[in-house]
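Read the structure below first, then the notes.
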Amino acid sequence: MSNKIFSGIRPSGKLHLGNYLGAIKNWIALQNDPQTEQAIYAVVDYHGITTPFDPKTYSKQVMDVILDYLAAGIDPEKSPLIRQSHVPEHTELAWIFNTITPVSWLERLPTYKEKIEETQGKYTHMGILDYPVLMAADILVYKSNLVPVGDDQKAHIDLTNEIGKKFNHMFGETFPAVKTIKAEGARIKSLQSPTKKMSKSGDEGIALTDDPDTIREKIKKAVTDSGKEITFDPENKPALSNLLTIYHLLSEKEIKTIEKDYAGKSYSDFKADLAEVVVNFLKPFQDKHRELSNNLDQVEAILKKSEEKARNLAAQTLQEVRKNIGVN
Ligand code: TRP
């Protein structure tokens, strides 16, 4: 009973099977782990506005992600699920952190450099540069010590530790050291180009909310490799190995068993069955999703309650922080 977990998700569209098998499944395991003392998950809507977004549809986009996480099994009684903007202590602490964070620490981050390159300098505003400081505040405002994230976030967690350490040094021991835990379980690949990660666009990925016919169609159209044996061989048969991995993770059958079951059968037999495995696996999620979508008032109430719990915790940290820096 000693871990305090925090993680954030950007509200960037519907979740797909790769997100589920890669990250969400882990979050649910962590929420049920006896070592977990506290787990808070946030849709980071103030991070989301650092890149282009549509104000008319943004709150719906945030809600879509909330519904996906609740339907996938995040239990808000155990782990509060919040909208970052509804717990203003995050941004308040970020401001205080701004006053002790050298600009050079932010300018050297690979994520910042990439963004600048990607947009040819077009989106250089304070928000892009400051993004990791808000992230540090998200984590430390709950005195969290464990953050499930992918490898791409490692530099941000290092920075979080540097900021926490500097604060402790300047104003007295306040924040714990933070560690990452791998959020990535399985790496599911795109159905169209099996060397890339599954993404949300087009036929590349299966959204958790895709209806059965869409799922069948997407799997039918998934690329396969040459040859006709159903064998797991990521080097030579990347496409089929990806499909076998999905089958294995969703059915919990061993890959060896699946290979045996399909010995002598065709790719299309295998794909037809895989489609049904996916459809069946997603059914409880989709039923729950539908129920929640029809009861948005109830979802709003769940969020309010989670956010209130989170605010209580965050306010305590902020009180201590203000006292330590003499602004109280
Ligand atoms: N930067 C993270 C991402 O892009 C999202 C995020 C924001 C986050 N605040 C966080 C992740 C705090 C973990 C903890 O995925």
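The values are calculated or read from the model by the stated rules, or taken from the named source; none is laboratory data. This one's a predicted model, so the numbers in the text were calculated from it and none came from an experiment. Reconstructed Cβ throughout: ideal geometry from the backbone, glycine too, with neighbour counts over all protein chains shown.
Any residue that is more than 16 Å from residue 101 (Cα to Cα) and surrounded by 13 or more Cβ atoms within 10 Å (Cβ to Cβ) - is there at least one of those in segment 122-133? Yes, segment 122-133 contains at least one residue that is more than 16 Å from residue 101 (Cα to Cα) and surrounded by 13 or more Cβ atoms within 10 Å (Cβ to Cβ).
Scanning for something of a type in the set (S, T, N, Q) and closer than 22 Å to residue 25 by Cβ, does segment 177-190 turn up at least one residue?
yes
Residue count for segment 215-230, restricted to those that are surrounded by 16 or more Cβ atoms within 10 Å (Cβ to Cβ) and either among the charged types (D, E, K, R) or over 27 Å from the mean Cα position of the chain (by Cα) (or both): 5. Flag set for residue 39, criterion: among the aliphatic types (A, V, I, L, M), modelled with pLDDT of 95 or more and in contact with a strand residue (DSSP E or B) (Cβ under 9 Å, 6 or more places away or on another chain).
Each residue in segment 1-34 was checked for being more than 16 Å from the ligand (Cβ to nearest atom) and small (Gly, Ala, Ser), and 2 of them qualify. Scanning segment 184-243 for residues that are acidic (Asp, Glu) and over 23 Å from residue 23 (Cβ atoms) returns 211, 213, 217, 225, 229, 233, 235.
The single residue among 311, 290 that is in contact (Cβ under 8 Å) with a residue 24 or more places away in the chain and outside any loop (DSSP other than H, G, I, E, B) turns out to be 311. The number of residues in segment 15-29 being over 11 Å from the mean Cα position of the chain (by Cα) and surrounded by fewer than 20 Cβ atoms within 10 Å (Cβ to Cβ) comes to 2.
Kindly check whether there is at least one residue in segment 56-65 that is touching a residue at least 60 places away in the same chain (Cβ under 8 Å), closer than 26 Å to residue 179 by Cα and surrounded by 15 or more Cβ atoms within 10 Å (Cβ to Cβ). No, because not a single residue in segment 56-65 is touching a residue at least 60 places away in the same chain (Cβ under 8 Å), closer than 26 Å to residue 179 by Cα and surrounded by 15 or more Cβ atoms within 10 Å (Cβ to Cβ).
Residues are listed down the side, and each one gets a yes or a no for (1) among the small types (Gly, Ala, Ser); (2) under 23 Å from residue 152 (Cα atoms); (3) assigned by TED's automatic domain parsing to the domain that holds residue 307:
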{"residue": "73", "(1), (2), (3)": "yes, no, yes"}
{"residue": "86", "(1), (2), (3)": "no, no, yes"}
{"residue": "101", "(1), (2), (3)": "no, yes, yes"}
{"residue": "115", "(1), (2), (3)": "no, yes, yes"}
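Only residues that are in a loop (DSSP other than H, G, I, E, B) and under 25 Å from the mean Cα position of the chain (by Cα) were counted in segment 236-286, giving 1.
Taken over segment 98-150, the criterion of being without any contact (Cβ under 8 Å) to a residue 24 or more places away in the chain and aromatic (Phe, Trp, Tyr) is satisfied by 112 alone. Close Cβ contacts (under 6 Å, 6 or more residues apart or on different chains) running from residues in segment 160-182 that are among the β-branched types (Val, Ile, Thr) to residues that are surrounded by fewer than 16 Cβ atoms within 10 Å (Cβ to Cβ) comprise 174/168.
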